[in-house]
1. Using a 1.4 angstrom probe, figure out how much accessible area the chain has per residue, in square angstrom, rounded to the nearest whole.
2. With a 1.4 Å probe and all protein chains left in place, how much of the accessible area of the range 19-68 comes from carbon and sulfur atoms, in whole percent?
3. Using only Cα atoms, tell me the angle between helix 38-66 and the longest principal axis of the chain; keep it within 0 to 90° and round to the nearest 10.
4. Where in the range 20-72 are there chymotrypsin sites (Phe, Trp or Tyr not before Pro) that are in a DSSP coil and have at most 16 other Cβ atoms within 10 angstrom of their Cβ?
5. According to a simple spin-label model (label point 7 Å from Cα along Cα-to-Cβ), what is the distance in nm between Arg4 and Met57?
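The values are calculated or read from the model by the stated rules, or taken from the named source; none is laboratory data. Please read these numbers as outputs of a predicted model, since none were measured by experiment. Neighbour counts are summed over all protein chains in view; Cβ atoms, including those assigned to glycine, are modelled from backbone coordinates with ideal geometry. We work out accessible area using only protein heavy atoms, side chains counted, and drop any ligands, DNA or RNA first. Shrake-Rupley method; radii C 1.70, N 1.55, O 1.52, S 1.80 Å.
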Amino acid sequence: MAMRPDVRRHTIVLIAFALIQWGFVLYILNHQLFDLDKYERILLFCLSCFGGGFLIMGSLIYLVIKGNADQK
């Protein structure tokens, strides 16, 4: 199964972006860079995890659908 290099590169960039944004939000929450109360911290963590997971799953689906060369 040969993946197209441009599709693989786009997928890796999207997955890396999702992991970096998740780590950045965790850094913000752990070091209390913003004055957030308990519920805002929980909401920010949940939205960050959901957004990162959605982006990773979306990029993997993109890899599967667009990754193979067109075989006609």
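1. Working: 5830 Å² over 72 residues.
In whole numbers, the chain has 81 Å² accessible per residue.
2. Numbers: 2880 of 3910 Å².
Using a 1.4 Å probe with all protein chains present, the range 19-68 comes out at 74 percent carbon and sulfur.
3. Roughly 0 degrees between the two axes.
4. Values: sites: Trp22, Phe24, Tyr27, Phe34, Tyr39, Phe45, Phe50, Phe54, Tyr62; in loops: Phe34.
In loop regions of the range 20-72 (DSSP not H, G, I, E or B), the sparsely surrounded chymotrypsin sites (Phe, Trp or Tyr not before Pro) are Phe34.
5. 2.5 nm
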